[in-house]
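Here's the structure, in structure tokens; my notes come after.
The values are calculated or read from the model by the stated rules, or taken from the named source; none is laboratory data. Please read all numbers here as calculations on a predicted model, not as lab measurements. As a convention, Cβ positions derive from the backbone with ideal geometry for all residues, glycine included, and neighbour counts pool all protein chains shown.
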Amino acid sequence: LFLAYRGLMDVDKAQVDSLHSNGTKTCHIMGYVVAQKGGDAGVGFTKKDLYNYLDSQMCGEIKDGDVVAALSYLRGKADNDPMLYAKFVTNSDGRLKQLFWAYGSYFSGILTFDTTYKKNK
């Protein structure tokens with residue numbers, strides 16, 4: 001499996017997406033594909049390739065969605081809780097720079113966004 005010749009084909013991607021969307025664990029997906037193709041030699045990709053593919057799919061789905069989801073959640077809570085205080089600041093690019101919120105009588109958690117390298121971490 002030379003790096004230049006290995007990778008998931010479109011058929012493999014469709015099957016992996018289908019199994020993953022139905023809740024099958026990644027290690028079980030790899031085992032299923034290996035059994036289906038008659039062994040490791042027929043698969044054409046490694047377990048690491050599979051994990052990288054699924055990771056890239058997940059990052060693509062939540063790109064810019066985490067900030068939007070957090071702000072939507074806070075707006076919804078503000079409609080129901082008059083004691084909620086929320087404030088956020090964006091930078092010149094429109095990215096979230098700071099977010100602070102507090103419920104009426106208690107502090108419940110911290111939410112951190114690191115947008116330095118434009119990655120979901």
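What single numbered condition from (1) under 15 Å from Tyr51 (Cα atoms); (2) at pLDDT 90 or above; (3) among the polar types (S, T, N, Q) fails to hold for Gln36?
(1)
Filter the stretch 1-23 down to residues that are polar (S, T, N, Q) and modelled with pLDDT of 90 or more and give me whichever is surrounded by the fewest Cβ atoms within 10 Å (Cβ to Cβ). Working first, answer last.
Keep residues of the stretch 1-23 that are polar (S, T, N, Q), which gives 15, 18, 21-22.
Those left that are additionally modelled with pLDDT of 90 or more: 15, 18.
Details: Gln15: 16, Ser18: 11.
Across the stretch 1-23, the extreme among qualifying residues is Ser18.
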